[in-house]
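Please treat every number below as a calculation from the coordinates, not as lab data. Since the structure is predicted, the reported quantities are computational estimates derived from the model, not experimental observations. Cβ atoms come from the backbone with ideal geometry, glycine included; neighbour counts cover every protein chain shown.
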């Protein structure tokens, strides 16, 4: 990606989620380029960088997430969802760069319906937090 285009996209992303929620430092991008898949870890062990995302964004609302996806579509940039980095098959490895979207700020429980025994939650909910909330509603 050309430097000017990268700066333009970074500015637009900052306008969507706020500048503090757009990560571009190599150290941050490296964290988001690795899960438990062995290939990126092998590269790091050899002193090489794994494929890195161009940007990491942390949206807080569905509207912000939608705007990030629309922006990526305009620039034809891949989007990689990040749900904690606990995968084991390399699904988060940004082979073609792009925007990694960390979903942890989308962590609200929308509804717990005891009658139908269903829960509606945002994609970034932590499993432990969800379990605690369900326990409070009698689901053990």
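See the values below:
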read-out	value
Tilt relative to the chain, helix 127-136 - C-alpha long axis, 0 to 90 degrees, to 10	20 degrees
The chain: antiparallel DSSP beta bridges as a percent of all, rounded to 5	45 percent
10 Å-binned pair-distance histogram of the chain (Cα, whole percent)	11, 36, 29, 17, 5, 0
Between 0 and 90°, nearest 10: helix 62-75 axis offset from the chain longest Cα axis	30 degrees
GNM flexibility winner over the chain from 37, 55, 128 (Cα, springs under 10 Å)	128
Separation of the residue 114 and residue 10 label points, Cα + 7 Å toward Cβ, nm	5.1 nm
Helical mean residue ellipticity (222 nm; -39500 (n - 2.57) per DSSP H run of 4+; nearest 500) of the chain	-11500 deg cm²/dmol
Ordering of 105-111, 1-7 by burial proxy (mean other Cβ atoms within 10 Å per residue, highest first)	105-111, 1-7
Calculated diffusion of segment 1-55, Stokes-Einstein form, Kirkwood radius summed over Cα pairs, 10 °C and 1.306 mPa s, µm²/s	128 µm²/s
Pair residue 49, residue 96: separation of 7 Å Cα→Cβ label points (nm)	2.0 nm
Nearest 10 degrees, 0 to 90: helix 3-17 Cα axis against the chain principal axis	20 degrees
Residue 30-residue 66 pseudo-label distance in nm [points 7 Å out on the Cα-to-Cβ vector]	3.8 nm
